[in-house]
1. Can you tell me which residue in the range 216-241 is nearest to Arg278 (Cα to Cα), limited to those that are among the hydroxyl-bearing types (Ser, Thr, Tyr) and in a loop (DSSP other than H, G, I, E, B)?
2. Only residues that are surrounded by 10 or more Cβ atoms within 10 Å (Cβ to Cβ), aliphatic (A, V, I, L, M) and at pLDDT below 70: list them for the range 175-221, please.
3. Scan the range 263-279 and report the pairs whose first residue is under 21 Å from Glu241 (Cα atoms) and whose second residue is surrounded by fewer than 12 Cβ atoms within 10 Å (Cβ to Cβ) and among the aromatic types (Phe, Trp, Tyr), with Cβ atoms within less than 9 Å and a gap of 6+ or a chain change.
4. Looking at the range 242-296, which of the residues that are polar (S, T, N, Q) and not in a loop (DSSP other than H, G, I, E, B) is surrounded by the most Cβ atoms within 10 Å (Cβ to Cβ)?
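The values are calculated or read from the model by the stated rules, or taken from the named source; none is laboratory data. Note that the coordinates shown come from a computational prediction; the quantities given were computed from them, not determined experimentally. FYI the Cβ positions are ideal-geometry reconstructions off the backbone, even for glycines, and counts take in every protein chain you see.
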Amino acid sequence: LSSLISQDSASNDPATSRARARPSKTPKSDIFTRHNKGTQKRAAADLADDASPASQVHQRTEDIGSVDAATLHRSKRRMQEKARIYGDLRSGMYLAGESDEDDDEAGPRKDPGGDDYLARLRRKEREGLVDFDRKWGDEERMADVDEADDDDDDDDNASTVSYEDELGRTRHGTRAEAARAKAAQESSAADDPERWRPTRPDNLIYGPAVQPLAFNPSTATTSQMDYLASRRDRSPTPPEETHYDPDKEVRTRGTGFYAFSKDEEVRRRQMEELMHVREETQREREERAERRAHRERVRDERRGKVAELRTRRRADTFLAGLGGDLAAGSGVV
């Protein structure tokens, strides 16, 4: 025991015991505190770029190169040639001579007239996507229409006149509209002077007259009447009596179902018996209801009499007790 006590005291001695280690001021590196690699270097490069801003540099002709005069002259000459060909196509110069249908499409070839340029124009017109004939015709037509409209507007719309249309109404319009209305009236008057009015029937009957066709109809009328009569419904009127056939379908019926006979006499007798039984049932119900009402009435009368006797007995008992109390009180005095 002495050895154990000495060992325990030695372990509790602060001089001999080891102190607890202090936590480190520098935290341990882990995945949450580790910085991205190269961040400091990139930040320094960004600061250096901000310190020296870049200036915009424009490139000059010497840097990107230039087009020589020969190329410009060749392009200008080609554009002029295309413009000339397009103008000649619009003017219809390719129609100056007969076109050669067998011209080579790969390159120009001399036509029988010896004009290479006309052959080239014909080939361009044949291979082109624009129909210059139609385009020229449309332009000429539009120009004529515009010119005619301008002339009509200048002549007809110079003043407003009053005219009468084909229905007899007074209208206000231009001279051209008045001329058209007059021409329409003249043409309609030649055909039918009152074409806007309904035509009057020719078979009207004026005054009293006998119509013999009602007594002696024609063959067409007779055939039509026979046709209508054949289409008429010829079912008997009134229709035949039809009754419900209980044997026609198999089904479960209620308790009150009654299957009547198909024979008319037997059916009539069954219905009479059924009506007689129904009348007896109704009479029995009425008699039973009357007896019930009579019993209720007798019961109510009996209850009234019992209540009256009970009230009278209570009154007699009260009066007897009151008289006894009065007699006892007078004897005491």
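1. Thr237
2. Ala189
3. Gln270/Tyr258; Leu274/Tyr258
4. So, considering only residues that are polar (S, T, N, Q) and not in a loop (DSSP other than H, G, I, E, B), the one surrounded by the most Cβ atoms within 10 Å (Cβ to Cβ) is Gln270.
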